[in-house]
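Have a look at the structure below, then the notes.
Computed from the coordinates by the stated procedures, all read-outs in this text should not be read as laboratory data. If you're wondering where the values come from, they're calculated on a predicted model, not measured in any experiment. Neighbour counts are summed over all protein chains in view; Cβ atoms, including those assigned to glycine, are modelled from backbone coordinates with ideal geometry.
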């Protein structure tokens, strides 16, 4: 009832598309991070008009399933491009690659989550650290970059790691818009052989190994950051 | 087709979404409590089992977990001679989500338990409680309050994850939307998914509101 | 004799925290344990009520002989239900109101009904003038108020002996007085107490006997005026002169 030859035979085929999963997760996280920094600035500086709009958007994105967001972008982005074209921008709404749609949707999703995570790391830095920096004569901007942000980064890495791993797992639905990543390949092979559990277990192993590797990388990153910032020793 | 009709059609899928949410959350909590208990044992087998379970499940995409539950559980049960192939898909959906979320909840419970001030337990013992009473009356309520923000986040994550049960053919709010957009031959597709997103958002906002009320009630319990 | 401790020993790794402590307490006595930090004073208290288990030693309490190294669960519960403890950092139950902090032990340690327990707790709060705070949670109370409730929580149980573990050390200086006042009132009523303290004025004026602890041993023990006015041991003299401004 469990065809281990089929499972073993399928494994390399599924593994071969794993880079697509990782590529999507990394690109979306990097873009999402950049947007998140802007969101954090708007929200922490409480910039008028923008702040409530951004806060609502973040709440909306955090309150809706990624698969729904993906379809909103899938159907919405071409319409947006049509509208922009009508306004004289040089855009090509036809034949948007699926990867562009996925990266757009996942970047937006990541930006909302990452911005909240940065904010909570920011708030977890003792405010007196900033005050102390200012009282020894640092400019406020310098106090931020020399004192607050280094401490913030060390606090932020564990959360960031979780968000990134969640994003990797969330990419398991992009086969719906035609991207061939781990889940898609597993589905394709399954439907050819009518053997499901075998390929899904292959996918499971691949996901777990990917998550494990990235979790370790982030842990090492955290240790390096902590040693650098606080000079405390913490082992894995 | 009017927008109001879209909304009404989508809301027809809401009860299924909520049933999935409620049952998988309850079972995830029960399994999670058991796992946290095992994890906190000094017994290496119990501890190792819990660690293994957490490691496996937390690295698995929820979508894959649903598929594995749907295709894998019947095979596992057949090994012990029970045929569950005929069970409703909803049960497999609940099982898949509950297994997935139990690992996250277990970790939340465990870390909350460990962060309760040790002096609280000692104080309970010296006023004459036995260890069980001290745990139930003092440690557990405080651990629960510590875990609450995590529980809230996990519940919200679960709301969103219920949308994935389409993979095993359960007709919830999300798959109702997909059907609707397919029927419409490309008309109103964006609107359907925006409305769907708004409904999910409302559910999440209601949950956040409930937790806020609860927290406000216990605002002076600073654990 | 209410309590007799014999040859209590305890070590953590290579650190001998208690090197054979003997101490006996008569009913109605107030014993102050003084001495430098880290000399084992707190550990002794925690061994008496089994928050830690001694390596060896025995305790005769209410005519019951208990092996401190191998107490049974029943003995532990029995002993705890006839003793009470006040902690350095109060350890009020954070999830309970002031009232419930006091009544909890009556209900679950002494099987009193909820109404009776609440009534007794109200009286106890009234006695320390904190009845108005009965529905407050610990986070809403000052350190001094928390500790006075901590004392009420201990004494409402009507224990044979109350163990005080540096009850004023975590308090702001201006709040120490009210707590010491409550402790003196208690002593005047004849409550048996063992008090680990750095408050020399309390040790001198309230305690009937003082034990000087150093390095896991009781170096000197006697009536409080004897210890303070004519310390025999050199270490005691050094310790007392070093903190002379305190009393």
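Here are some notes:
- For residue C:170 and residue C:225, the difference between the fully extended length at 0.36 nm per residue and the C-alpha to C-alpha distance is 17.1 nm.
- Average Cα contact separation per residue, the range C:197-247, under 8 Å, 6 or more apart, as relative contact order %: 32 percent
- Among B:88, B:46, B:147, the largest mean-square fluctuation in a Gaussian network model of chain B (Cα springs under 10 Å) belongs to B:88.
- Pair residue B:75, residue B:206: separation of 7 Å Cα→Cβ label points (nm): 3.9 nm
- Where labels lie 7 Å past Cα in the beta-carbon direction, separation of residue A:16 and residue C:181 in nm: 8.5 nm
- Residue order, fewest to most beta carbons within 10 Å, for A:80, C:180: A:80, C:180
- Calculated P(r) tail over 16 Å for the range A:1-49, as whole % of Cα pairs: 64 percent
- Neighbour-count ranking [beta-carbon atoms within 10 angstrom, fewest first] of B:53, C:137: B:53, C:137
- The spacing between the range A:88-148 and the range C:170-205, judged by their C-alpha centroids, is 54 Å.
- Separation of alpha-carbon centers, the range B:43-72 and the range C:218-243, rounded to whole Å: 64 Å
- Pairwise Cα distances in the protein assembly as shown exceed 42 Å in 45 percent of cases.
- The mean of 1/r over all distinct Cα pairs in the range B:20-170, once inverted, gives the Kirkwood hydrodynamic radius of 16.7 Å.
- Built from the Cα atoms of the range C:1-118, the convex hull projects on average onto 8.9 nm², one quarter of its surface area.
- Inverse mean reciprocal Cα-Cα distance (Kirkwood Rh) of the range A:140-225, Å: 15.3 Å
- Value of Rg/Rh across the range B:121-223 [Cα atoms, Kirkwood radius]: 1.26
- Our summary gives chain A a relative contact order of 30 percent, counting only alpha carbon pairs under 8 angstrom and 6 or more residues apart.
- In this rough spin-label picture, where each label sits 7 Å from Cα along the Cβ direction, the residue B:3-residue A:177 distance is 2.3 nm.
- Using only alpha carbons, the range B:104-180 has a radius of gyration to Kirkwood radius ratio (Rg to Rh) of 1.30.
- Kirkwood hydrodynamic radius (C-alpha pairs) into Stokes-Einstein, the range B:1-101, 10 °C and 1.306 mPa s, D in µm²/s: 102 µm²/s
- Scaled against the 2.2 N^0.38 Å expected of a compact globular protein of N residues, the Cα radius of gyration of the range C:71-225 reads 1.06.
- GNM flexibility winner over chain B from B:165, B:127, B:203 (Cα, springs under 10 Å): B:127
- Theoretical ellipticity at 222 nm over chain A - DSSP helices of four or more residues, -39500 (n - 2.57) apiece, nearest 500: -26000 deg cm²/dmol
- The mean number of partner chain beta-carbon atoms within 10 angstrom of a residue's beta-carbon across peptide A:205-211 is 3.
- Most mobile listed residue (B:81, B:93, B:52) in chain B, GNM with C-alpha springs under 10 Å: B:81
- Relative intensity, log₁₀ I(q)/I(0), of chain A from a Debye sum that treats every alpha carbon as a point, q = 0.07, 0.08, 0.13, 0.18 Å⁻¹: -0.32, -0.41, -0.92, -1.30
- The range A:43-139 - convex hull of the alpha-carbon atoms, volume per residue in Å³: 155 Å³
- Averaging the Cα positions of each part gives two centres, and for the range C:1-62 and the range C:139-154 these lie 26 Å apart.
- Distance histogram for the range B:52-134 (every C-alpha pair counted, 10 angstrom bins, percent rounded to whole numbers): 16, 31, 21, 16, 15, 2
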